[in-house]
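A.B. asks: Can you read through this structure? Questions will come right after.
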Amino acid sequence: MLEPDMNALPDAASPSGPPLFELLDVEKIYQVGVRSGLVARGHVGLAALDGVRLSIRRGSSVALVGESGSGKSTLLRVLLGLTEPTQGLALYRGQPVARMRAGGQDFAREVAMVYQDARGSLNPRMSVGELVAEPLRHFAICPPEEVAARTQDLLARVGLAADVAARYPSALSGGQVRRVAIARALASNPSVLVADEAVSGLDVSTQAQLLNLLRKLQRDMGITLFFITHDLGVASYLCEEIAIMYLGRIVETGPTNAVLAAPAHPYSLALRRAAPKFFEPITEPLPGEIPSPLDLPKGCRFSGRCAFVQDDCRASDPVLVPHGQGRAVACHHPVS
Ligand SMILES: Nc1ncnc2c1ncn2[C@@H]1O[C@H](COP(=O)(O)OP(=O)(O)O)[C@@H](O)[C@H]1O
Ligand SMILES: [Mg+2]
């Protein structure tokens, strides 16, 4: 596989300071069983991540956008040291993230996570109050006599009424569960907040309230935000930088406004065109189906669906290369 020139690549975040997180040519292959009928036919490798390179600087806000199955959650698991990459490196402050994670409580306190399955991430036998108080006690964030007041404070910050503290997760709505997960994540005073589809599927008023809260945290408190979403509107509201994924690869990255105003990758353009707008019909959706990561096309993985495809696209696989101010694109024939 061709490699981009590392030194020439722009960072996916603001230009100052060393990167907080870095992914260097990360590959993640899952071994999946194949069967014909009821008969097991051994295992094949599924490339969930294929040559991913990403750098997140302190204080930046980065959105990771892509269709379901493009590898977003896998990227996050590698970034947080929850999954070992098959190839490549995941670094936090210049050190292997798995070592930082194993090395003590600092990583767990500094880097807070809101999981895609917020309900599944909460212990059903603990009340909301206990769930939010747990990190306060665990990391000794405040003296024991202040835990109750601090818990109420956190619940209020995410827009939950005080009486919710006595309830259990099973008695909460989807929106309330997300708020609890965010309150719990904020309890340890993290410097990094990583969230996987934290506001997807919520009603618009709940979504707006949580987005405002997250934006305020990022802008006022300087929290580094890494936000996974499939919603370009959410990405543009919340994050200064965007990275667009397609089938295990980052295909475009740069300042969110610049990328969305004039996408360089045909896939980014197609995503933008597919986003619903007021008073306008939705333009043609992407033709064809997303290929299986078990059977990637030769050359560019987007070539089968690309409106601008040319012969060389089916022959060689484009890599991420610089494309204007702070931007990079993996395409032989960028649109803009
Ligand atoms: N534990 C796993 N074992 C096998 N395949 C997996 C596993 N986790 C994810 N995958 C596959 O890897 C690809 C990327 O998945 P995922 O990272 O969850 O994507 P996304 O979060 O963008 O929807 C998908 O094809 C998915 O089926
Ligand atoms: Mg996911």
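The values are calculated or read from the model by the stated rules, or taken from the named source; none is laboratory data. Owing to the predicted nature of the structure, the values given are computational and were not obtained by experimental measurement. For neighbour counting, all protein chains shown are included, and Cβ atoms are generated from backbone atoms with ideal geometry for every residue, glycine included. For accessibility, only protein heavy atoms count, side chains too; no ligands or nucleic acids. Shrake-Rupley method; radii C 1.70, N 1.55, O 1.52, S 1.80 Å.
A.B. asks: Can you tell me which residues in region 197-240 are open to solvent by 10 Å² or more (accessible area, probe 1.4 Å) and within 16 Å of ligand 1 (Cβ to nearest atom)?
C.D. replies: Within region 197-240, Glu197, Ser200, Gly201, His230, Asp231, Leu232 qualify.
Condition check ((1) outside any strand (DSSP E or B); (2) aliphatic (A, V, I, L, M); (3) within 22 Å of Ser292 (Cα to Cα)) across all residues:
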position: Gly42; (1), (2), (3): no, no, yes
position: Gly51; (1), (2), (3): no, no, yes
position: Leu91; (1), (2), (3): no, yes, no
position: Ala98; (1), (2), (3): yes, yes, no
position: Ala108; (1), (2), (3): yes, yes, no
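A.B. asks: Considering only region 79-98, how many residues are away from ligand 1 (no atom under 16 Å from the Cβ), at pLDDT 95 or above and open to solvent by 70 Å² or more (accessible area, probe 1.4 Å)?
C.D. replies: Matching residues across region 79-98 total 1.
A.B. asks: What are the residues in region 110-130 that are open to solvent by less than 80 Å² (accessible area, probe 1.4 Å) and either outside any loop (DSSP other than H, G, I, E, B) or among the hydrophobic types (A, V, I, L, M, F, W, C) (or both), if any?
C.D. replies: Of everything in region 110-130, those that are open to solvent by less than 80 Å² (accessible area, probe 1.4 Å) and either outside any loop (DSSP other than H, G, I, E, B) or among the hydrophobic types (A, V, I, L, M, F, W, C) (or both) turn out to be Glu110, Val111, Ala112, Met113, Val114, Ala118, Leu122, Met126, Val128, Gly129.
A.B. asks: Can you tell me which residue within region 44-78, out of those that are open to solvent by 50 Å² or more (accessible area, probe 1.4 Å) and more than 10 Å from ligand 1 (Cβ to nearest atom), is nearest to the chain's Cα centre (by Cα)?
C.D. replies: Arg58
A.B. asks: Turning to a different aspect of this structure: Name the residues in region 269-308 that are more than 16 Å from ligand 1 (Cβ to nearest atom) and in contact with a strand residue (DSSP E or B) (Cβ under 6 Å, 6 or more places away or on another chain), would you?
C.D. replies: Result: no residue meets the conditions.
A.B. asks: Does region 247-282 hold any residues that are of a type in the set (Phe, Trp, Tyr) and open to solvent by less than 10 Å² (accessible area, probe 1.4 Å), and which are they? Even if it seems obvious, please write down each step before you answer.
C.D. replies: The initial filter retains those residues of region 247-282 that are of a type in the set (Phe, Trp, Tyr), namely 267, 278-279.
If the condition is that a residue be of a type in the set (Phe, Trp, Tyr) and open to solvent by less than 10 Å² (accessible area, probe 1.4 Å), then Tyr267 is the only one that fits.
A.B. asks: Continuing with the same structure: Criterion first (more than 16 Å from ligand 1 (Cβ to nearest atom), over 21 Å from Cys239 (Cβ atoms), modelled with pLDDT under 95 and of a type in the set (D, E, K, R)) does Arg101 satisfy it? Before the answer, list the steps.
C.D. replies: Numbers: more than 16 Å from ligand 1 (Cβ to nearest atom): yes; over 21 Å from Cys239 (Cβ atoms): yes; modelled with pLDDT under 95: yes; of a type in the set (D, E, K, R): yes.
Judged against the criteria, Arg101 is a match.
A.B. asks: When region 131-178 is examined, which residues are found to be open to solvent by less than 20 Å² (accessible area, probe 1.4 Å) and either modelled with pLDDT under 95 or under 18 Å from Gln209 (Cα atoms) (or both)?
C.D. replies: Selection gives Leu154, Leu155, Val158, Leu160, Val164, Leu172, Gly175, Val177.
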